[in-house]
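The values are calculated or read from the model by the stated rules, or taken from the named source; none is laboratory data. What you are looking at is a predicted structure, and each value in this text was computed from that prediction instead of being measured. Heads up, the Cβs are rebuilt from the backbone with ideal geometry, glycines too, and the neighbour counts pull from every protein chain shown.
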């Protein structure tokens, strides 16, 4: 897998009066095409700061960030929106839908920003909404949608223009378990079936088994990286050993 995002030596320092607060310190990280990466850690650890830097919303104090092969840290502030528009889709916990626009129109707004308008935009919006299972809601207003449906609209909007990278900040936090896993599955399908890079900031333990890799951040540093399948195998082995020990103990007691 090729890295769609490559972060090298990234630090972020905020100045508060005479104080300097370090949000990130010397971060090295790749997010590969075809991968679902979960960024985890306590509140204030730097997860969202890192996601914002990868998404060209924030600039790092130092270091290098490449998105779709483009070195973004040397670009002017004026040129960064074009990188976001062409290469990155965003999904947030707050759905950020326009309340007076229909579901289809909310997606068409994103397409319009990419120069896709008129009948072509309407057709593509409906295709994207069909991908997330909302074909019957194209003319519905956001107020008449459930939380899960709103998040799926936000996901369809993020996919407008077929970006190489999808960045999501707590996309399942406000959803029930079933709906959260449904939304998560859509993002996994995007990564695995369309070879896109997906990075998700989450505290949601209910979806951890659905990612490919977990990166844990504490105090602005990466402290652990785990392959999810390896972790699941380890947990399964530990569970089997526990069951075996319990069975042996029960057998010994019975004898």
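Tabulated data for the structure shown
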read-out	value
Of all residues making up the stretch 8-34, the number that are closer than 23 Å to residue 163 by Cα and surrounded by 22 or more Cβ atoms within 10 Å (Cβ to Cβ)	1
Verdict on residue 92 being touching a residue at least 40 places away in the same chain (Cβ under 8 Å), surrounded by fewer than 22 Cβ atoms within 10 Å (Cβ to Cβ) and more than 20 Å from the chain's Cα centre (by Cα)	no
In the stretch 193-212, residue nearest to residue 95 (Cα to Cα) [restricted to those that are in contact with a strand residue (DSSP E or B) (Cβ under 8 Å, 6 or more places away or on another chain) and surrounded by fewer than 21 Cβ atoms within 10 Å (Cβ to Cβ)]	203
Any hit, the stretch 49-61, residues being surrounded by 18 or more Cβ atoms within 10 Å (Cβ to Cβ), assigned to a strand (DSSP E or B) and touching a helix residue (DSSP H, G or I) at 6+ places or on another chain (Cβ under 7 Å)	no
Residue 105 being modelled with pLDDT of 95 or more, over 21 Å from residue 152 (Cα atoms) and more than 14 Å from the chain's Cα centre (by Cα)	no
Test: residue in the stretch 64-83 that is under 17 Å from the mean Cα position of the chain (by Cα), part of a loop (DSSP other than H, G, I, E, B) and surrounded by fewer than 17 Cβ atoms within 10 Å (Cβ to Cβ)	no
Options 155, 141, 167; residue that is more than 19 Å from the chain's Cα centre (by Cα) and touching a residue at least 24 places away in the same chain (Cβ under 8 Å)	141
The listed residue being in contact with a helix residue (DSSP H, G or I) (Cβ under 7 Å, 6 or more places away or on another chain) and in a loop (DSSP other than H, G, I, E, B), out of 89, 34	34
Of all residues making up the stretch 1-37, the number that are farther than 28 Å from residue 205 by Cα and modelled with pLDDT under 95	8
Selection status of residue 61, farther than 30 Å from residue 210 by Cα and in contact with a strand residue (DSSP E or B) (Cβ under 7 Å, 6 or more places away or on another chain)	yes
